[in-house]
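Trainee: Got a structure for you, written out below as structure tokens; questions coming shortly.
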Amino acid sequence: MQFSPKLKTLLLTSLAILTLATPMALAKPGDVIKTPESGNAKVHESTITPLMEEKLLFSADFDVTTHYQIKKSFSIPTGKYGLKVASTAKTRGLGSSYDIVLEEEQAWADGWAEVETNTFKSGTSTKTYYDAGQGHTYRLRVVGNVSGTLFTYAF
């Protein structure tokens, strides 16, 4: 069977996309994502002491094409009970939204497992993660074709 070069390219591209997208689409809460990360982030430590009850933990600039875990571990400080993420970002491609996943370090997973996911719209959005609690180590994962900045607060 003979295929044209354009058809071969289209089929190989489709196969590559399906190979990367299928594990993420079938993942359930608590599953560990095992597809390769594609993106980067630059973390900025907080040196500001806010007058409000929210405490800025850190901010990060990110540029992601599939998904990327921001390599900054954090915990909810004493006296705080939740986590809020404010993000200003622009999506690329066909999507108009992206996810920011709260992941908890888990010994049974030998890594990080999903705790809670919030969907953000392109532009400026703020979401609250109520499943975060004290005594746990967390990281954030950005999922989507997106670039921007996020601010992580404990409240």
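Trainee: For T149, state whether it is open to solvent by less than 50 Å² (accessible area, probe 1.4 Å), farther than 18 Å from S59 by Cα and touching a Ser or Thr at 6+ places or on another chain (Cβ under 6 Å).
Mentor: Answer is no for this residue.
Trainee: Does T124 satisfy the condition of being closer than 19 Å to V64 by Cα, open to solvent by 30 Å² or more (accessible area, probe 1.4 Å) and not small (G, A, S)?
Mentor: Yes.
The rows are residues; the columns are (1) part of a strand (DSSP E or B); (2) open to solvent by 80 Å² or more (accessible area, probe 1.4 Å); (3) at pLDDT 75 or above; (4) not acidic (D, E).
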position: K28; (1), (2), (3), (4): no, yes, no, yes
position: H44; (1), (2), (3), (4): yes, no, no, yes
position: L51; (1), (2), (3), (4): no, yes, no, yes
position: S59; (1), (2), (3), (4): yes, no, yes, yes
position: Y68; (1), (2), (3), (4): yes, no, yes, yes
position: I76; (1), (2), (3), (4): no, no, yes, yes
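Trainee: Hey, another quick one. Do the conditions hold for I76, that is, is it closer than 15 Å to L150 by Cβ and touching a strand residue (DSSP E or B) at 6+ places or on another chain (Cβ under 9 Å)?
Mentor: no
Trainee: State which residue is farthest from N118 (Cα to Cα) when the search covers only region 78-89 and only residues that are of a type in the set (S, T, Y) and open to solvent by 10 Å² or more (accessible area, probe 1.4 Å).
Mentor: Looking at residues that are of a type in the set (S, T, Y) and open to solvent by 10 Å² or more (accessible area, probe 1.4 Å), I get T78.
Trainee: Going by the structure shown, is A154 at pLDDT 90 or above and either aliphatic (A, V, I, L, M) or in contact with a strand residue (DSSP E or B) (Cβ under 7 Å, 6 or more places away or on another chain) (or both)?
Mentor: When the stated conditions are applied, A154 passes them.
Trainee: Would you check which residues across region 90-113 are open to solvent by less than 50 Å² (accessible area, probe 1.4 Å) and of a type outside the set (S, T, N, Q) and list them?
Mentor: Residues satisfying the conditions are G95, Y98, D99, I100, V101, L102, E103, E104, A109, G111, W112, A113.
The values are calculated or read from the model by the stated rules, or taken from the named source; none is laboratory data. Quick caveat: nothing in here was measured; it's all calculated off a predicted structure. Glycine gets a Cβ as well: all are built from the backbone with ideal geometry, and neighbour counts include every protein chain shown. Ligands, DNA and RNA are excluded from the accessible area calculation, which covers all protein heavy atoms including side chains. Shrake-Rupley method; radii C 1.70, N 1.55, O 1.52, S 1.80 Å.
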